[in-house]
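Q: Just dropping this structure here.
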Amino acid sequence: MDYRVRRSCVLVVSALLPVAGVAASVPMFGFTPDEATAQQALESRFDAELNAGEMRGWLKTLSSEPNHVGSPHDKANAEAVRDLFKQWGWDAQIETFEVLYPTLKQHTLEMVGPTQFVAKLKEPPIPGDESSAHTEGGLESYNIYGGDGDVTADLVYLNYGMPDDYKDLARRGIDVKGKIVITRYGGGWRGLKPKLAQEHGAVGCIIYSDPHDDGYGPGDVYPKGGYRPADGLQRGSVQDMTLYSGDPLTPGVGATKNAKRLPLSQAKTILKIPVIPISYGDAQPLLAALDGPVAPPSWRGALPITYHFGPGPAKVHLAISSDWGMKTLYDVIAKIPGALQPDEWIVRGNHRDGWVFGAADPLSGQVAMLAEAKAIGVLLQSGWRPKRTLIFASWDGEEPGLLGSTEWAETHAQELQHKAVLYLNSDSNARGFLTAGGSHSLQHLVNDAASTVKDPETGVSTQARLRARMQVNGYDKGASAEAKRDARIAAAGGDLPIEALGSGSDFTPFMQHLGITSLSIEYYGESEYGVYHSNYDTFEHYVRFSDPTFAYGVTEAETVGHVVLRVADADVLPLQFTGFAETVEGYVEELHKLADDKRKAAEELGRLLDQKVFTLAADPTRVVLPPAREPEVPYLNFAPFDNAVLRLKASAKAYDAQYAKLQSGEITLTAAQVKELNGLLQGMEQALTAARGLPNREWFKHLIYAPGMLTGYGVKTVPGVRESIESNQWDVANEYIGVTATALSGYCDRLDRATRVLKGS
C-alpha cells in the first residue's frame, strides 16, 4: 500500500571499506570503541552474504502469479517464505486470521446520455510483459470496502475530491447531492474521496488516474517508459482507516477464528456508496461529455479536453455487487530468541500481498527482508546469537487495510507493549535516496547506520547523498518552507531529519495504536513508477524501471540490517532524545503559527467580504460566489505546551550527556542497572499515548504522530491540537494542549529516571 513508491551482479560493501562519505572506523552510536570494532566486523560479515541475484530470483517467483488475499499464490508464497526462514535456522510458523474481505462479483460503468459509452474496466496485456498476459484469477478493477449499489445520475467533476474542492463547487452553486462524482487520484488518500462524496450526498464515486499525475505527463508510458498507459487503473482500499485499521468487524481485537465480530451494518470503516476505479482511457469520454462552467487551471489534468464541472449533461449508470465473505490471512512469523534479553523484542516487517502481481509494491521490499534473514541465518551458523529476540514478519492483507499486521498486533498487544523495543517496517524499494521516518528518538541511530552504507550509484554513503539531495531541494525555485529548513539542517552537517509517520503501511498499529518505538526505511526517487496497484506492477516492469541490478535491494538490506543488528546487540538501547525534543519544539512553533495565521486570514477575509471585493472582482457572466466567512479565532492557551517543551529539552540534554559518557567508557553499569535502564527506555514511546485516543477516533492513541482525518496517509503531528485548530474546535484544541503537555511531562519523568540510573553508576 506504500504511501509513495520509491546488478544482477552481487554488490558487497564492507562497513570497514574506506570510501568517500562512508564512515570507516569507530565511534559507533550505542557501542564503546572496543564493542564498535567487533560490531563493524559483524556487519561486514552480514553485508557479505547479501546477494542481488538471489533477490532477483525470489522476486520473480513471488510475483509470478496474482498475489492478493485469498488467491492460491498468496498462500503458496506464505508457505515458501516460511520454509526459507526455517532453512536459514529461524523458528518460523504461519499465524492465521479470519477477516471480512469482499470480492467483486459484478460491476458496470456506462454513460447513458447524451451519448452511449461503456467503460472497458480492463487492462490488456502489454507487449514484452509476459506477466501482464497471465492474470487469470487476479482481481478485477475495484475499490475494496466500497458499498454495493446500482445508481444512475448526472455526473459532476470534482478534481481531487478534497474538502477545498467542495468549497470551490459551492462558490459556483454546484451541489453533488444525488449525483455521481468523478475525481482524479492524488491530492489526498483515495479513501477520503468517496467518504467525502458520501457525506455530501453523492450516490456514487468514480476515481480515475489522470495522465498529468502518473501517465504521459511525467514521462513515457509503459512499455516505452515506466508510467501508466491509457488502460492502466489503480485498485485500492477505500476503507475509512482514519478511524482504525485492520478487519472492519473486529476493531481493537485480533480477528482470530472465535473473535467477537460486529454486524456488517455496524462496521464504521465500510462505505455506503459504490466506488469504482477507472483508467484515463475510460475517463476521457465521460469528462468530455460534461458541460457547465470551465474548471479553473488547478483542476485541469493532461487529457486533451476542456475540463468542465458539470453537472451533466453526462448521465452515468454505475452498478457494483460484491461477495461479502470471509478470507484467511497468512502471516509468516519467524523468531530467533535473544541470548541475554529474550524478553526484549525487535520486530521487523514487510507485507507480502499485492493487488495483482505486486512486484514493486510490496515484493521488492519483501525480498530485501528475506536477504536480511538469510544473512542473519549465516551469522547464526557461525555461532553468533543476538542479545535480544528477533521477530521477522511477512504480513498478509496489507493492501486492503493493514489487515495482517493489525490483527497480529492486536492479538499480541499486551505482550508487545511489555517486550517490543522496536518495530522496523519497509514496503516498496527502488533506485534512489534513503527515506526514513518514525520515532525521532531513533533519528541519530538512522543517521549513524546510513553513514556506513554505500550508495551504489555514487560511491558516497547514502546519508551523504541524501544530504546533497536535501540541499538541492532547498535551493530549487519554489521550494517549500520545509524543504528550505531541511536544506539548512543538511548544510550544517549534523543529523539529517527523519520524517514523521502518518499511515499507509504496517507500522500504523504498532506505533499509533500500541505506542511502540517504530521506524520505516526504504529507498526511492529515481525509478519510473506509474503502474501503482495495476496489472502492470510486474517483474518485467520492475527490472526495467525500478532497480534493474537489485543494487538498491542490497542497499536496503544493508541499511535495515545494520539498524537491526545494532539494536539487537547494544547493551543499552541506542536511543537519543535531543533530536526528538527539537522536533517537538518545531511542532509547537508550527501550532502557534497555525493559530496566528488562521486568525489573520479570518480577519482579512472578513474585511474583504465587508468591502464586497469578491463581488466586484468577479466576472458578471460567470457565477462565482464569495468564499464563506471564517469564524473568529480566539487566543489559545499554549502555556502548558511551551513549558512542557522547555522541560523536554532539558531532560533530553541531560540524558544524552550521560549516555555519551556510557558510550565512551567513562561510566559503566551493572547488569541490574542495564536491565532497569532498558525497561525505562522500552516504554518511552508509550508515554506519548493517551488511553482515550484522539478526538473522535479512540483507536489512534499517539499524541505526536497520526494520519490526518483529511489526509489519510499523510501525517498530522500533534494531531489532537493541530486538527482541532484546523477544524475550528477551540475547546478541543485547548483540551488537547493540556492532554499532550501532560503526556510530555510523563515522558520527561521517565527520561529523568533513566538519567538517574546512568548517574547512579
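The values are calculated or read from the model by the stated rules, or taken from the named source; none is laboratory data. In this text, all values refer to a predicted model and were calculated from it rather than measured experimentally. With ideal geometry, Cβ positions are generated from the backbone for all residues, glycine too; neighbour counts draw on all protein chains shown. Side chains included, ligands, DNA and RNA excluded: accessible areas come from the protein's heavy atoms. Shrake-Rupley method; radii C 1.70, N 1.55, O 1.52, S 1.80 Å.
Q: Quick check, is Thr389 outside any helix (DSSP H, G or I), farther than 22 Å from Ala36 by Cβ and in contact with a Pro (Cβ under 6 Å, 6 or more places away or on another chain)?
A: For Thr389, the condition - outside any helix (DSSP H, G or I), farther than 22 Å from Ala36 by Cβ and in contact with a Pro (Cβ under 6 Å, 6 or more places away or on another chain) - is met.
Q: Does any residue of the range 367-378 turn out to be of a type outside the set (D, E, K, R), more than 28 Å from Gln682 (Cα to Cα) and either modelled with pLDDT of 95 or more or open to solvent by 10 Å² or more (accessible area, probe 1.4 Å) (or both)?
A: yes
Q: Can you confirm whether the range 273-281 contains a residue that is out of contact with any strand residue (DSSP E or B) (no Cβ under 8 Å at 6 or more places or on another chain) and among the polar types (S, T, N, Q)?
A: No, the conditions are met nowhere in the range 273-281.
Q: So, Thr115, is that one surrounded by fewer than 17 Cβ atoms within 10 Å (Cβ to Cβ) and in a loop (DSSP other than H, G, I, E, B) or not?
A: yes
Q: What pairs come up if the first residue lies in the range 85-96 and is over 11 Å from Gln381 (Cα atoms), the second is open to solvent by 40 Å² or more (accessible area, probe 1.4 Å) and acidic (Asp, Glu), and their beta carbons are under 9 Å apart, counting only those six or more places apart or on different chains?
A: Correct list of pairs: Phe85/Asp91; Ala92/Asp83; Ile94/Glu79.
Q: Condition (residue is over 30 Å from Asn51 (Cα atoms) and either at pLDDT 95 or above or not in a helix (DSSP H, G or I) (or both)) applied to the range 440-456: is it met by at least one residue?
A: Residues of the range 440-456 that are over 30 Å from Asn51 (Cα atoms), as a first pass: 440-441.
From what is left, the residues that are either at pLDDT 95 or above or not in a helix (DSSP H, G or I) (or both) are 440-441.
Yes: the range 440-456 contains one or more residues that are over 30 Å from Asn51 (Cα atoms) and either at pLDDT 95 or above or not in a helix (DSSP H, G or I) (or both).
Q: What's the number of the only condition in (1) closer than 21 Å to Glu398 by Cβ; (2) open to solvent by 10 Å² or more (accessible area, probe 1.4 Å) that Ser245 fails to meet?
A: For Ser245, the exception is condition (2).
Q: Pairs needed: first member in the range 242-259, more than 20 Å from Gln512 (Cα to Cα); second member anywhere, assigned to a loop (DSSP other than H, G, I, E, B) and of a type in the set (A, V, I, L, M); C-beta distance under 7 Å; at least 6 residues apart or different chains.
A: Partner pairs satisfying both residue conditions: Ala259/Val253.
Q: Select from the range 127-178 the residues that are assigned to a helix (DSSP H, G or I) and open to solvent by less than 50 Å² (accessible area, probe 1.4 Å) and write down the one among them that is nearest to Asn535 (Cα to Cα).
A: Among them, the one singled out is Ser132.
Q: Of the numbered conditions (1) crowded, with 20+ Cβ neighbours inside 10 Å; (2) more than 30 Å from Gly149 (Cα to Cα), Leu287 satisfies every one except a single condition; which is it?
A: (2)
Q: What are the pairs, 6+ residues apart or on separate chains, where a residue within the range 318-339 that is under 16 Å from Asp74 (Cβ atoms) has its Cβ under 6 Å from a residue that is modelled with pLDDT of 95 or more and among the basic types (Lys, Arg)?
A: Tyr330/Lys75; Val332/Arg82
Q: So, one more: Look at the range 362-390 and say how many of its residues are under 30 Å from Tyr536 (Cβ atoms) and over 29 Å from the mean Cα position of the chain (by Cα). Don't jump to the end; show me each part of the working.
A: So in the range 362-390, the residues under 30 Å from Tyr536 (Cβ atoms) come out as 362-374.
If we keep only those that are over 29 Å from the mean Cα position of the chain (by Cα) too, we end up with none.
Summing the residues that are under 30 Å from Tyr536 (Cβ atoms) and over 29 Å from the mean Cα position of the chain (by Cα) in the range 362-390 gives 0.
Q: With respect to Glu526, is the statement that it is within 30 Å of Pro229 (Cα to Cα) and open to solvent by less than 10 Å² (accessible area, probe 1.4 Å) true? Walk me through how you get there before you give the answer.
A: Working: within 30 Å of Pro229 (Cα to Cα): yes; open to solvent by less than 10 Å² (accessible area, probe 1.4 Å): no.
Answer is no for this residue.
Q: Looking at the range 609-621, is at least one residue β-branched (Val, Ile, Thr), outside any helix (DSSP H, G or I), at pLDDT below 95 and open to solvent by 10 Å² or more (accessible area, probe 1.4 Å)?
A: Looking for residues that are β-branched (Val, Ile, Thr), outside any helix (DSSP H, G or I), at pLDDT below 95 and open to solvent by 10 Å² or more (accessible area, probe 1.4 Å), one finds at least one in the range 609-621, hence yes.
Q: Turning to a different aspect of this structure: Is it true that some residue in the range 294-305 is more than 26 Å from Gly530 (Cα to Cα) and at pLDDT 95 or above?
A: yes
Q: Test of understanding: among Asp569, Asp642, which residue is modelled with pLDDT of 95 or more, acidic (Asp, Glu) and either open to solvent by 50 Å² or more (accessible area, probe 1.4 Å) or under 30 Å from Ala170 (Cβ atoms) (or both)? Write out each step before concluding.
A: Details: Asp569 fails: either open to solvent by 50 Å² or more (accessible area, probe 1.4 Å) or under 30 Å from Ala170 (Cβ atoms) (or both).
That would be Asp642, the only listed residue that is modelled with pLDDT of 95 or more, acidic (Asp, Glu) and either open to solvent by 50 Å² or more (accessible area, probe 1.4 Å) or under 30 Å from Ala170 (Cβ atoms) (or both).
Q: If you don't mind, there's one more thing I want to ask. List every residue pair whose Cβ atoms lie under 7 Å apart, where the two residues are 6 or more positions apart in sequence or sit on different chains, the first residue falls within the range 598-619 and is under 26 Å from Ser724 (Cβ atoms), and the second residue, located anywhere, is of a type in the set (A, V, I, L, M) and not in a helix (DSSP H, G or I).
A: Going by the 7 Å Cβ cut-off, the qualifying pairs are Lys598/Val633; Arg599/Val633; Ala602/Val633.
Q: Then there is this: With the condition kept exactly as written, say whether any residue in the range 200-207 is in contact with a Cys (Cβ under 6 Å, 6 or more places away or on another chain) and buried (at least 20 other Cβ atoms within 10 Å of the Cβ). I'd like the intermediate steps shown before the answer.
A: So the first thing to find is which residues in the range 200-207 are in contact with a Cys (Cβ under 6 Å, 6 or more places away or on another chain), and the list is none.
Checking the range 200-207: not a single residue is in contact with a Cys (Cβ under 6 Å, 6 or more places away or on another chain) and buried (at least 20 other Cβ atoms within 10 Å of the Cβ).
Q: Suppose we keep only residues that are polar (S, T, N, Q) and open to solvent by less than 60 Å² (accessible area, probe 1.4 Å) within the range 248-276. Which one would you say is nearest to the chain's Cα centre (by Cα)? Can you show your working first?
A: From the range 248-276, those polar (S, T, N, Q) are 250, 256, 258, 265-266, 269; that's our starting set.
Okay, now just the ones that are also open to solvent by less than 60 Å² (accessible area, probe 1.4 Å), so 250, 256, 269.
Details: Thr250: 22, Thr256: 26, Thr269: 19 Å.
Of everything passing the filter in the range 248-276, Thr269 is nearest to the chain's Cα centre (by Cα).
Q: State all residues of the range 193-242 that are over 20 Å from Leu104 (Cα atoms), aromatic (Phe, Trp, Tyr) and out of contact with any Gly (no Cβ under 6 Å at 6 or more places or on another chain); if no residue qualifies, say none.
A: Answer for the range 193-242, where residues must be over 20 Å from Leu104 (Cα atoms), aromatic (Phe, Trp, Tyr) and out of contact with any Gly (no Cβ under 6 Å at 6 or more places or on another chain): Tyr216, Tyr222.
Q: Does the range 464-476 contain at least one residue that is open to solvent by less than 10 Å² (accessible area, probe 1.4 Å) and on the phi < 0 side of the Ramachandran plot?
A: no
Q: Could I ask something else about it? Please find, among Ser534, Ser520, the residue that is assigned to a loop (DSSP other than H, G, I, E, B) and either among the small types (Gly, Ala, Ser) or under 30 Å from Glu698 (Cβ atoms) (or both).
A: Values: Ser520 fails: assigned to a loop (DSSP other than H, G, I, E, B).
Of the residues listed, the single one that is assigned to a loop (DSSP other than H, G, I, E, B) and either among the small types (Gly, Ala, Ser) or under 30 Å from Glu698 (Cβ atoms) (or both) is Ser534.
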